[in-house]
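Here's the structure, in structure tokens; my notes come after.
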Amino acid sequence: MHYPTVKPVAAERLPALLAGMPKAELHIHIEGSLEPELIFALAQRNRIDIPYASVEELRRAYAFSNLQSFLDIYYAGASV
């Protein structure tokens, strides 16, 4: 098999070349990326009880003050 010869890129051109290349998300936790509106809508659609009566209440809960309050929201999102 024949591979084409690749010429090295000049060091001063490398930052611009890398900045211009398309990017892809390689790692994401889906549950942690859900917005309150989507969590609430999915919970209603899937008939899953979450400990928040409204989107507004869920959004207020995002002002978490400790690990447990963060995990409560995280697990609610993961459950839907």
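Among the residues of the stretch 23-74, which ones are touching a residue at least 40 places away in the same chain (Cβ under 8 Å) and of a type in the set (Phe, Trp, Tyr)?
Result: Tyr74, single match.
What helices (runs of 4 or more DSSP H) lie completely within the chain and have 1 or more residues being β-branched (Val, Ile, Thr) and surrounded by 10 or more Cβ atoms within 10 Å (Cβ to Cβ)?
Once the helices (runs of 4 or more DSSP H) in the chain are filtered for at least 1 residues that are β-branched (Val, Ile, Thr) and surrounded by 10 or more Cβ atoms within 10 Å (Cβ to Cβ), what remains is 36-45, 55-61, 67-79.
Within the stretch 15-42, count every residue that is among the aliphatic types (A, V, I, L, M) and under 26 Å from Ala63 (Cβ atoms).
7
Here's the yes/no breakdown for (1) of a type in the set (Ser, Thr, Tyr); (2) at pLDDT below 90; (3) touching a Leu at 6+ places or on another chain (Cβ under 9 Å):
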| residue | (1), (2), (3) |
| --- | --- |
| Leu14 | no, no, no |
| Ile28 | no, yes, no |
| Gly32 | no, yes, no |
| Leu42 | no, no, yes |
| Asp49 | no, no, no |
| Ala63 | no, no, no |
| Leu71 | no, no, no |
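The values are calculated or read from the model by the stated rules, or taken from the named source; none is laboratory data. Fair warning: this is a prediction, and the values are worked out from it, not measured in the lab. Please note: Cβ atoms are built from the backbone with ideal geometry, for glycine as well, and neighbour counts cover all protein chains shown.
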